[in-house]
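A quick write-up on the structure given underneath.
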Amino acid sequence: MPDRFKAILISRDEEKNQSVETVEIGDADLMDGDVTVAVEATTVNYKDGLAITGKAPVVRRFPLVPGIDFAGTVIQSGHPDWKEDDRVVLNGWGVGETHYGAYAGHARVKGEWLVPLPESMTPRQAMAVGTAGYTAMLCIMALERHGITPARGPVVVTGASGGVGSVAISILSKLGYHVVASTGRTAEEAYLRDLGAAEIIAREELSGPAKPLGKERWAGGVDAVGSQTLANVLSMTSYGGAVAACGLAQGMDLPGSVAPFILRGVSLLGIDSVMAPKSIRMEAWRRIASDLDHAKLAALSTTIGFDGIVQAAHDIVDGKVRGRIVVEMA
Ligand code: NDP
């Protein structure tokens, strides 16, 4: 096991200008925690893109090693649930925001933040899912809890060719849903149909100002986009339907009306992956292992090395990334 390893470090000067560099650190430089993990795979999520580019205040402590999720093997544990050689996954809990994160050879975290890597998955596959895919699963579980079965009607997925969208389409189609994929990249139609989308609609159909109520088009939705898109999705949700909202790719605002809620009994289901309780995480990862087709997971992911992380961070914020990125650590 190397004593020193590469890490990405985000720093800020006195004028609050952010800089990003690759440094070499050791275990003694890591933050407090009771489990140290050798990071085998990580990923670049939209939030990691925001952190590295500084486009949104994701990083709330400087300097910081970014990277909100990883999969790897325990190399040291003082936590009763974990021992050396256990394979684990971490998503969120402020890692890569306030606590040193995934973009280093080792990560030291609290044992309670970890979940076991599903036995049928490799660290690489877990990170092809990553926080985006785990969030897609949380959205689908929320729709199910609300009674949105395939028999209730179509489900729309916005931001379809992104990470949340690609995984949501793959899982929903395997579960038998009729999936309507909304994308700004119509050139990705074949990709989205291969993942399981039954219909493709142009992003522009949903991204303009929303009417209070529109034609009822779907029973449910997984929305990674927010803003006017979410307002439109809600206005077109059929009576008693539900929309799981997890993202803000178009914006953080929600310029809509209460009409879908009070006239159609539509529900808006908020999804947070970062602080989700452990029982829900365990269930989500169990479901990912059983309900996500491995061939589709391979088709929606691209692999890069540690040195490609910073460029990928810029690309994801610029909307240039399709599906999911896996970072294989050396
Ligand atoms: P990606 O960048 O991979 O995907 C976002 C997709 O949204 C893009 O691929 C694009 O899809 C679409 N999009 C981008 N810009 C716009 C725009 N201006 N208007 C409409 N659509 C747009 O990100 P992820 O899938 O990883 O994450 C999606 C969102 O979910 C992010 O906002 C992220 O922060 C959030 N998120 C939230 C979590 C939570 O816990 N709540 C956890 C994980 C993610 P297309 O080209 O197909 O139109």
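The values are calculated or read from the model by the stated rules, or taken from the named source; none is laboratory data. No experiment lies behind these values; they were computed from the predicted model shown. Counting neighbours? That spans all protein chains shown, and the Cβs are built from the backbone with ideal geometry, glycine included. Ligands, DNA and RNA are excluded from the accessible area calculation, which covers all protein heavy atoms including side chains. Shrake-Rupley method; radii C 1.70, N 1.55, O 1.52, S 1.80 Å.
Key figures
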{"quantity": "Failed item in (1) out of contact with any helix residue (DSSP H, G or I) (no Cβ under 7 Å at 6 or more places or on another chain); (2) assigned to a loop (DSSP other than H, G, I, E, B); (3) closer than 25 Å to Ala126 by Cβ, with Ser257 passing the rest", "calculated": "(3)"}
{"quantity": "Residue match in region 114-129 (condition: surrounded by 23 or more Cβ atoms within 10 Å (Cβ to Cβ) and touching a Ser or Thr at 6+ places or on another chain (Cβ under 7 Å))", "calculated": "yes"}
{"quantity": "Hey, Val89 open to solvent by less than 10 Å² (accessible area, probe 1.4 Å) and more than 14 Å from the chain's Cα centre (by Cα) or not", "calculated": "no"}
{"quantity": "Extreme residue, farthest from the chain's Cα centre (by Cα), among residues of region 176-196 that are closer than 12 Å to Gly220 by Cβ and not aromatic (Phe, Trp, Tyr)", "calculated": "His178"}
{"quantity": "Subset of region 224-253 [surrounded by fewer than 16 Cβ atoms within 10 Å (Cβ to Cβ), more than 10 Å from the ligand (Cβ to nearest atom) and part of a loop (DSSP other than H, G, I, E, B)]", "calculated": "Asp253"}
{"quantity": "Breaking point among (1) surrounded by fewer than 22 Cβ atoms within 10 Å (Cβ to Cβ); (2) within 16 Å of the ligand (Cβ to nearest atom); (3) modelled with pLDDT of 95 or more, for Ser267", "calculated": "(2)"}
{"quantity": "Test: residue in region 308-327 that is at pLDDT 95 or above, more than 14 Å from Thr131 (Cα to Cα), part of a strand (DSSP E or B) and within 16 Å of the ligand (Cβ to nearest atom)", "calculated": "no"}
{"quantity": "Residue in region 97-104 that is in contact with a strand residue (DSSP E or B) (Cβ under 9 Å, 6 or more places away or on another chain), hydroxyl-bearing (Ser, Thr, Tyr) and open to solvent by 40 Å² or more (accessible area, probe 1.4 Å) present", "calculated": "yes"}
{"quantity": "Residue match in region 176-194 (condition: farther than 21 Å from Ala295 by Cα, at pLDDT 95 or above, of a type outside the set (S, T, N, Q) and open to solvent by 50 Å² or more (accessible area, probe 1.4 Å))", "calculated": "no"}
{"quantity": "Ser273 vs. criteria more than 20 Å from Arg193 (Cα to Cα), within 15 Å of the ligand (Cβ to nearest atom), touching a strand residue (DSSP E or B) at 6+ places or on another chain (Cβ under 9 Å) and open to solvent by less than 40 Å² (accessible area, probe 1.4 Å)", "calculated": "yes"}
{"quantity": "Of the criteria (1) modelled with pLDDT under 95; (2) more than 15 Å from the ligand (Cβ to nearest atom), which one Thr303 fails", "calculated": "(1)"}
{"quantity": "Conditions (1) of a type in the set (D, E, K, R); (2) away from the ligand (no atom under 15 Å from the Cβ); (3) in contact (Cβ under 8 Å) with a residue 40 or more places away in the chain: number failed by Lys211", "calculated": "(3)"}
{"quantity": "Top-ranked residue in region 24-43 [being of a type in the set (Gly, Ala, Ser) and closer than 17 Å to Asp86 by Cα; ranked as farthest from the chain's Cα centre (by Cα)]", "calculated": "Gly33"}
